[in-house]
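Below is one structure, written out as structure tokens, with a few remarks after it.
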């Protein structure tokens, strides 16, 4: 089973369980979830795909804006 979570449809300030608060994306102006601890650095997640597998779930970002790149 595959589902899509579209955070652009939620109002700014809405709380998403175990994900965070919906914010206004500074890059594109759409709503999304700010995620600061990713391999790419900070991103604003707009849409994610959730696939239910026999041994768990696979969650993949479908649409997101990169806000800053991680420097190591």
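Restricting to the stretch 36-72, what's the tally of residues that are modelled with pLDDT under 85 and exposed (fewer than 13 other Cβ atoms within 10 Å of the Cβ)?
Within the stretch 36-72, residues that are modelled with pLDDT under 85 and exposed (fewer than 13 other Cβ atoms within 10 Å of the Cβ) number 8.
What number of residues in the stretch 15-34 are surrounded by 17 or more Cβ atoms within 10 Å (Cβ to Cβ), free of Cβ contacts under 8 Å to residues at least 40 places away in the same chain and outside any strand (DSSP E or B)?
Total meeting the criteria: 0.
Could you identify the single residue in 37, 48, 12 that is on the phi < 0 side of the Ramachandran plot and not in a strand (DSSP E or B)?
None of the others qualify; the one that does is 12.
The values are calculated or read from the model by the stated rules, or taken from the named source; none is laboratory data. In this text the structure is predicted, and so the values were computed from the model without any measurement. No Cβ is skipped: glycine too gets one built from the backbone with ideal geometry, and neighbour counts run over all protein chains shown.
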